[in-house]
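The values are calculated or read from the model by the stated rules, or taken from the named source; none is laboratory data. Small disclaimer: the values here were computed from a predicted structure and weren't measured. No Cβ is skipped: glycine too gets one built from the backbone with ideal geometry, and neighbour counts run over all protein chains shown. The area values use the complete protein model at the heavy-atom level, side chains included, leaving out ligands, DNA and RNA. Shrake-Rupley method; radii C 1.70, N 1.55, O 1.52, S 1.80 Å.
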Amino acid sequence: MTNYIVLLLRNIKSNPSITQRELSQTLHISLGSTNKYVKSALEQNYLTIQEDKYYLSEKGNAFLEQFRVKNAVIIAAGFGSRFVPLTFETPKGLLEVFGERMIERQIKQLHEVGITDITIVVGYLKEKFEYLIDTYQVKLLYNPEYATKNNLATLYHARHLLSNTYILSSDHWIKENIFHLYEPEAWYSSVYMKGETSEWCLDFDKKERITNVHIGGFDSYVMYGPVYFDQNFSKDFLPLLEEYYHRPGTENFYWEHVYIENIKKLPMSIYRQKDGIVYEFENLEELRKFDKKYQNHSENVALEKISEIFSVSESEITKISCLKSGMTNKSFLFYVKDMPYIFRFPGPGTEELINRVQEKACYDAIKHLHLADEILYFDSKTGYKISRFYPDSRNCDPRNLQDVEKCMELLRNFHHSGVSVTHQFCLREKITFYENLCILHNGIHFEDYIKTKKHMLELLDIIEALHPKQVLSHIDSVQSNFLMLSDNTIKLIDWEYSGMCDPLIDLAMFAIYSYYTEEELENLIKIYLKREPSKEEHIRIYSYVALSGFLWALWAEYKTALGEEFGEYTIYMYRYGKIYYKKAKNLL
């Protein structure tokens, strides 16, 4: 009964002229039940009657106050991969629907009912949200794990805010305001989905209490939209949230996993929404159907460029999906007239690292060899690139001997092709360049860096004294850049770092990105050379393994300073530098 008393008082407080019939319709209960709750509120002195109108008494206001919503937390940390390419430039919560940003609409709706204590948990493109502080007096809370963990971690970082709290997602669009200043209990917004669905489906009892959640169902109410935690729910949920956060293997958990696995300890009701009130856009295609602006006038650079290059309308660019983001670039897959292509976006800070004019020169130089990805568009100013997508391809498996043999054959033939460009890939210059970038942005964090750098300079002196022959080399010849096609041919993609260099550097790059052991490296050398290496070749390859590992460790340090995270990669690369310095010196 308490819940209905709260709802009754909430409605009367906002509209003293409301009739019992109107209350009945608002509360979705019978007129008889409404009369019963009104009578109970009068008996408890929560209500007074003046001129045939109900008013909350002092006691009624005091009772209602314990159910006041304290604050709201809006989750806005994620990348929004299902909305690429829009989210390469704009966080998903800042996308507009009918000319209004989704997150702003929710903030305004919260303000309308008197909820002004709003915290936005940010991560990806966090700076884009800064203007909201001045415009709506919100607070921003940074989630440092947004790129590596799911929203369980996001809520964990906001755990100190949980009380009588709304939990919202920045990319929801809510047609009518469903928020209130007073809430009687914890609830999860839900809509009815007819037919088969892969959403998280709810079972609930006669009192609307959620009893079970299962992924996928048929003709079901599903989790959809905002959530409300009351004080009791927050108190019981918080220790479980902390426990799960620290439990190994929960990196990809949603906070809802905690709720579902402890549903009997965490009472929560279903809040059924009328059809068409709450929207969760699954992808750009759904957004296009909802707001026609996104069909042909998205104002997105990539879609406009594709439209121009292929002479099609934006609506004819279909099946857009995010491809795995590379360490240097971001890219997405799209279809035009049933043909698949890739659009490449340069990643953060890439303009400091890559000379796009030189990259294009390499693509032009090797075009007749037909060993690289097919380029349809290349802008040497922006780095935007459109290339053919090979749907039945796979990456080289560096532990598959046949794959390795084929890739080394391609490299060997390429190195002997006689193709050249006018620029070099100079390891000494690159190391100095990356070192300066690191110092400028966030310093270098290896304790023995000065000693290790001295060793690298020794190796550079040794190699330069040998005067190895310079040929056009790929430089980034890692296993993921070799595409094994269904017709048994191979493509070598991503020529950003290519330039004139000692061709043996390509073996070193392949080895360190495959995390090869010394035994595996030795086998790779024999496969490429088709013989035993000379002592000089051995020294050069070991030196390149060391120098390349050192170089990419610096590169990763710089990218980390820009907000990207590479886990153990940086340490692995630095270790190659130190270990193979000793091996090269031993050979001498």
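Miscellaneous remarks
- Looking only at segment 36-48, and only at residues there that are open to solvent by 70 Å² or more (accessible area, probe 1.4 Å), at pLDDT 85 or above and in a helix (DSSP H, G or I), the one that is nearest to residue 208 (Cα to Cα): 36
- Listed conditions (1) without any contact (Cβ under 8 Å) to a residue 24 or more places away in the chain; (2) buried (at least 17 other Cβ atoms within 10 Å of the Cβ); (3) among the charged types (D, E, K, R) are all met by residue 582, apart from (2).
- Condition check for residue 194: touching a strand residue (DSSP E or B) at 6+ places or on another chain (Cβ under 8 Å) and in a loop (DSSP other than H, G, I, E, B): no
- Among the criteria (1) part of a loop (DSSP other than H, G, I, E, B); (2) more than 30 Å from residue 63 (Cβ to Cβ), the one residue 206 does not fulfil is (2).
- Of all the residues in segment 411-449, those that are in contact with a Lys or Arg (Cβ under 9 Å, 6 or more places away or on another chain) and assigned to a helix (DSSP H, G or I) number 3.
- Scanning segment 130-145 for residues that are aliphatic (A, V, I, L, M) and under 16 Å from residue 101 (Cα atoms) turns up 132, 133, 138.
- Residue 166 part of a strand (DSSP E or B), in contact (Cβ under 8 Å) with a residue 24 or more places away in the chain, within 30 Å of residue 14 (Cα to Cα) and open to solvent by 10 Å² or more (accessible area, probe 1.4 Å): no
- One residue stands out among those in segment 465-481 that are within 38 Å of the chain's Cα centre (by Cα) and not in a strand (DSSP E or B): the one that is nearest to residue 427 (Cα to Cα), which is 475.
- A Cβ distance below 7 Å, combined with a sequence gap of six or more or placement on separate chains, defines the contacts here; from segment 312-323, residues that are of a type outside the set (Ser, Thr, Tyr) reach residues that are assigned to a loop (DSSP other than H, G, I, E, B) and open to solvent by less than 50 Å² (accessible area, probe 1.4 Å) in the pairs 314/298; 320/84; 322/84.
- Per this entry, residue 106 is counted among residues that are within 13 Å of residue 73 (Cα to Cα) and at pLDDT 95 or above.
- The residues in segment 214-261 that are under 25 Å from residue 193 (Cβ atoms), surrounded by fewer than 19 Cβ atoms within 10 Å (Cβ to Cβ) and in contact with a helix residue (DSSP H, G or I) (Cβ under 6 Å, 6 or more places away or on another chain) can be counted, and the count is 2.
- Beta carbons closer than 6 Å, at least 6 apart along the sequence or on distinct chains, pair a first residue in segment 392-411 that is more than 18 Å from residue 372 (Cβ to Cβ) and open to solvent by 50 Å² or more (accessible area, probe 1.4 Å) with a second that is assigned to a helix (DSSP H, G or I) and not acidic (Asp, Glu) for 405/527.
- Flag for residue 446 being closer than 20 Å to residue 574 by Cα and of a type in the set (A, V, I, L, M, F, W, C): yes
- Residue among 47, 27, 56 that alone is among the hydrophobic types (A, V, I, L, M, F, W, C), in contact with a Lys or Arg (Cβ under 6 Å, 6 or more places away or on another chain), over 30 Å from residue 322 (Cβ atoms) and without any contact (Cβ under 8 Å) to a residue 60 or more places away in the chain: 56
- Taking the criterion of being assigned to a helix (DSSP H, G or I) and not aromatic (Phe, Trp, Tyr), the residues of segment 49-72 that qualify are 58, 59, 60, 61, 62, 64, 65.
- Counted residues, segment 15-35 - those being open to solvent by 60 Å² or more (accessible area, probe 1.4 Å) and within 21 Å of residue 187 (Cα to Cα): 3
- Check on residue 271, surrounded by 19 or more Cβ atoms within 10 Å (Cβ to Cβ) and not in a strand (DSSP E or B): no
- Filter pass, residue 477 being closer than 19 Å to residue 405 by Cβ and open to solvent by less than 20 Å² (accessible area, probe 1.4 Å): yes
- Filtering segment 49-64 to residues that are among the aliphatic types (A, V, I, L, M) and either within 11 Å of residue 8 (Cβ to Cβ) or exposed (fewer than 11 other Cβ atoms within 10 Å of the Cβ) (or both) leaves 49, 56, 64.
- Contact map, segment 441-464: first residue over 16 Å from residue 430 (Cα atoms), second residue of a type in the set (Val, Ile, Thr) and surrounded by 15 or more Cβ atoms within 10 Å (Cβ to Cβ), Cβ cut-off under 8 Å, separation 6 or more or different chains; pairs are 442/560; 446/452; 462/539.
- Positions within segment 234-265 being assigned to a helix (DSSP H, G or I) and either over 23 Å from residue 215 (Cα atoms) or among the polar types (S, T, N, Q) (or both), in sequence order: 234, 235, 236, 238, 239, 242, 243, 246
- Summed over segment 19-35, the residues that are within 20 Å of residue 272 (Cβ to Cβ) and not in a helix (DSSP H, G or I) give a count of 3.
- All positions within segment 276-308 that are open to solvent by 50 Å² or more (accessible area, probe 1.4 Å) and under 16 Å from residue 342 (Cα atoms): 301, 304, 308
- Qualifying residues in segment 337-355 (those that are open to solvent by less than 40 Å² (accessible area, probe 1.4 Å) and touching a residue at least 60 places away in the same chain (Cβ under 8 Å)) - the one nearest to residue 315 (Cα to Cα): 343
- Of the candidates 492, 485, the single residue that is open to solvent by less than 20 Å² (accessible area, probe 1.4 Å) and touching a residue at least 60 places away in the same chain (Cβ under 8 Å) is 492.
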